[in-house]
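Report on the following structure.
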Amino acid sequence: MKKNISTVARYAAHTCGVAPILWASVVHAQVQGVAPSLDLSQNSVVISASKYKQDAHELPVATTVITRAQIESSGVGTVNEAIMKLGGVLGRPSLSGGNEYSLDLGGFGDTAASNMVVVIDGIAYKQGDSSELRLSALALDQIERIEILRGSSSVLYGEGAVAGVIHIITKASGLVHPVGVSGQATASVGSYGTREVKGGLFYSAEQWNFNASGLDRRSDGYRQNGASSDKNVNVSAQFRGDSFRVGVIANQRSEHAQTPGGLTLTQYAADPRQAQPSSFSNRTYLDARANGQAAFVEADVLGSVLRLDLAQRKRDYEALAVMGAFAYPLRFETSNNSTGLQAIRPMDTSWGRQTFTVGTEKINWDQNRIYPLNPSFGSSIKLGYNTTSYFLKSDSILKATGTQLSVGYRSEDIDKFQNIVGGFTPGKTVSTDKLSAAELGFSQTLNEAATVYGRWAESYRLPNVDEFTTPAYDTNGNPIALRPQTSTEKELGLKYRWPSQARASVRWARSDLRNEIIYDPANWANINLEPTRRQTLEFFWSYPHSSSLSVSGSLSLRDAKFLSGANMGKQVPMSPKQSLGVRVDWRMPAKQVMSWMVTAVSQQAIAGSFDNASKMPGYATLDWRYAHTLDKLELSILVKNLLDKKYYGYATTTSGYTLYPDMGRNLMLTAKYKF
């Protein structure tokens, strides 16, 4: 019966949207390598794949870089929206409410957060449970760029980096800044009672810089019982010497979000804005407080760049959830401490350039769950997740041919436990594993414009503390232990760039997964699937037709299916076969810009429908924005879902066919002053 503890939390997530959440507001300083200096403002630069600066055009991996200029001109309001609208990543409204979207980089649906890694300024954010990262906590004005690395990345980023990595680089990690004071203040009002005020101040001297930002956002929400408020403050400081730098970061956030829950098809047809009746009558909600501190030291020692990162994140939240018609409160207290140490060593040889990256990472995550009024569920539960890993990667550039070769390996020890104190089945459940990842890659420059690349990679993920404690049971009533999920990925790609700054790329990838971990609503349990395969063909383009008109976008064609078993040949749930994003920007005289953004996603099987009997319809939306700049002041109007499309991006077989409506047409008026 121990499985019921985490099952209750999962049921609550689907009935009222309350689930464990790890707030991702702590930002760390990025690793700066010693490769030749590159212009970080250009789309050609990425560091996610190697942890030091390299030209993305020459890397043996698919990358998408979203620049600060693109973010500002798009009018997106959060980091999540930037990743979705500009990076071509699938996203769905968070079941936990608020101004949040859950990102899905590889078409993994319910387990998307466990199959990708979000990195902020060089440090991977990981948690031990099924919680999501609340990226809306990051101040968008502080983002320098976002790098999306598609494909297995477990060598550098460890457990969970199956579908890829999303790397967010902020001002807190900048290496070079113009001397002086700069900042901006923004005020917005919009549909459904949305009000937002935010601002940032940056000061830089020859050796010092200081950065501060804050946000206050409130909304009545699109649906009943969907109001939310969010406040956060972030500060950072950095000192730079001749051969070293030191930085500290601190932040604090408070968030309140009501949770409207899921609807039946009948309820949705009657009124998509209504809340689930039991969620509405009980006024379910989430109330969270979080803070974080971090420090880093980076130094050039005898030609090698050494770096130490220390970070601590704490998050406490209270919530009111429902299970059926019954309401119950819960309180989660989470602490996450991480340490990272690494060295990067470049060497010039007679045949070319060699760069070695070696490092170790340690994470200690723990959580106390308290159910005050429901001791039968376990009055207190302590959860733990501890990892220690070591990695090595070598990148070589052959002088004679321009060929780049990469090879890497990682070993990781992972311990997880659940300890129930009181309640109906006290006891401790432990999971201990040791896994490894490896990768091989090459890229070949054909000419100044074209590069081809290929790679092979092994990745892994383990069941988290919510999953390994809630397995299915066999006919004799014995738990079926979850096995580690592993995958083998093969990838080929072509990248092309023109002198006009136009770019295009195509990527084919095939990932064979063994023991894919997924939630089975029919058994209220987590299971390992029969072997599955995901094949993807993706196209990306950016075409500045002229100084006044540009077109960019992405197209993903995906086939995710079962290779054997009762569902052989069926599609894996929540993995749409096609998704498309196209953006058009028209720069008019007198500093005016008009933009259009089209997003389309095809039909897909809903979560839990392994036989594909239940599907959700595809959808397409159109966003429109107009902005006018007057000296230091920018005035803009943004209309999302301009045609007021009624649709939903997530549905599950939990409690029948349960769906979560997306927002209808909504408008935002914004005034931004920069100095």
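The values are calculated or read from the model by the stated rules, or taken from the named source; none is laboratory data. None of these values were measured; they are calculated from a predicted model. A quick note on method: Cβ atoms are made from the backbone with ideal geometry, for glycine too, and the neighbour counts reach across all protein chains shown.
Overview of values
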quantity	calculated
Selection count where residues are surrounded by 15 or more Cβ atoms within 10 Å (Cβ to Cβ) and not basic (Lys, Arg), scope region 342-355	6
Test: residue 293 is farther than 20 Å from residue 222 by Cβ and in contact (Cβ under 8 Å) with a residue 40 or more places away in the chain	yes
Residue within region 74-93 that is over 25 Å from residue 594 (Cα atoms), touching a Ser or Thr at 6+ places or on another chain (Cβ under 7 Å) and either of a type in the set (D, E, K, R) or surrounded by 24 or more Cβ atoms within 10 Å (Cβ to Cβ) (or both) present	yes
Entirely in region 55-132, the strands (runs of 3 or more DSSP E) that have 1 or more residues that are modelled with pLDDT of 90 or more and closer than 27 Å to residue 488 by Cβ	62-67, 90-93, 101-104, 117-120
All positions within region 134-157 that are under 15 Å from the mean Cα position of the chain (by Cα) and under 21 Å from residue 389 (Cβ atoms)	149, 151, 152, 153, 157
Residue match in region 364-377 (condition: modelled with pLDDT under 95 and hydroxyl-bearing (Ser, Thr, Tyr))	yes
Any hit, region 665-672, residues being farther than 25 Å from residue 140 by Cα, in a loop (DSSP other than H, G, I, E, B) and not aromatic (Phe, Trp, Tyr)	no
Segments classed as strands (runs of 3 or more DSSP E), wholly inside region 568-650, with at least 2 members that are in contact with a Ser or Thr (Cβ under 7 Å, 6 or more places away or on another chain) and of a type outside the set (Gly, Ala, Ser)	578-588, 592-601, 619-630
Filter result for residue 217 (of a type in the set (Lys, Arg), within 22 Å of the chain's Cα centre (by Cα) and part of a strand (DSSP E or B))	yes
Residues satisfying the stated conditions in region 601-643, i.e. surrounded by fewer than 17 Cβ atoms within 10 Å (Cβ to Cβ) and in contact with a His (Cβ under 8 Å, 6 or more places away or on another chain)	635
Residues that are outside any loop (DSSP other than H, G, I, E, B), under 30 Å from residue 95 (Cβ atoms) and either touching a helix residue (DSSP H, G or I) at 6+ places or on another chain (Cβ under 7 Å) or touching a residue at least 40 places away in the same chain (Cβ under 8 Å) (or both), drawn from region 222-246	228, 230, 232, 234
Residues satisfying the stated conditions in region 292-325, i.e. within 23 Å of residue 98 (Cα to Cα) and part of a strand (DSSP E or B)	292, 313, 314, 315, 316, 317, 318, 319, 320, 321, 322, 323
Subset tally (residues that are charged (D, E, K, R) and in contact with a Phe, Trp or Tyr (Cβ under 9 Å, 6 or more places away or on another chain)) for region 224-254	3
Residues being in contact (Cβ under 8 Å) with a residue 12 or more places away in the chain and either within 18 Å of residue 75 (Cβ to Cβ) or of a type in the set (Asp, Glu) (or both) - total across region 604-642	22
Yes/no for residue 173 being within 30 Å of residue 432 (Cβ to Cβ) and not aliphatic (A, V, I, L, M)	no
Any pair with Cβ under 6 angstrom, 6 or more apart, that starts in region 502-518 at a residue that is free of Cβ contacts under 8 Å to residues at least 40 places away in the same chain and over 13 Å from residue 106 (Cα atoms) and ends at one that is of a type in the set (Phe, Trp, Tyr) and surrounded by fewer than 22 Cβ atoms within 10 Å (Cβ to Cβ)	504/496; 504/541; 506/539
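Quick grid of which residues meet (1) modelled with pLDDT under 90; (2) surrounded by fewer than 21 Cβ atoms within 10 Å (Cβ to Cβ):
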position: 206; (1), (2): yes, yes
position: 215; (1), (2): no, no
position: 226; (1), (2): no, no
position: 250; (1), (2): no, yes
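Here's the yes/no breakdown for (1) at pLDDT 95 or above; (2) within 26 Å of the chain's Cα centre (by Cα); (3) surrounded by fewer than 17 Cβ atoms within 10 Å (Cβ to Cβ):
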| site | (1), (2), (3) |
| --- | --- |
| 275 | yes, no, no |
| 286 | no, yes, no |
| 290 | no, yes, no |
| 293 | no, yes, yes |
| 302 | no, no, yes |
| 309 | no, yes, no |
| 312 | no, yes, yes |
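Matching residues to (1) in contact (Cβ under 8 Å) with a residue 12 or more places away in the chain; (2) surrounded by fewer than 24 Cβ atoms within 10 Å (Cβ to Cβ); (3) in contact with a Ser or Thr (Cβ under 8 Å, 6 or more places away or on another chain); (4) over 30 Å from residue 510 (Cβ atoms):
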position	(1), (2), (3), (4)
104	yes, no, no, no
108	yes, no, yes, no
119	yes, no, yes, no
128	yes, no, no, yes
134	yes, no, yes, yes
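Residue-by-condition table, conditions (1) surrounded by fewer than 20 Cβ atoms within 10 Å (Cβ to Cβ); (2) within 25 Å of the chain's Cα centre (by Cα); (3) at pLDDT 95 or above; (4) outside any loop (DSSP other than H, G, I, E, B):
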| position | (1), (2), (3), (4) |
| --- | --- |
| 388 | yes, yes, yes, yes |
| 394 | yes, no, yes, yes |
| 402 | yes, no, no, no |
| 437 | no, yes, yes, yes |
| 448 | yes, no, no, no |
| 477 | yes, no, no, no |
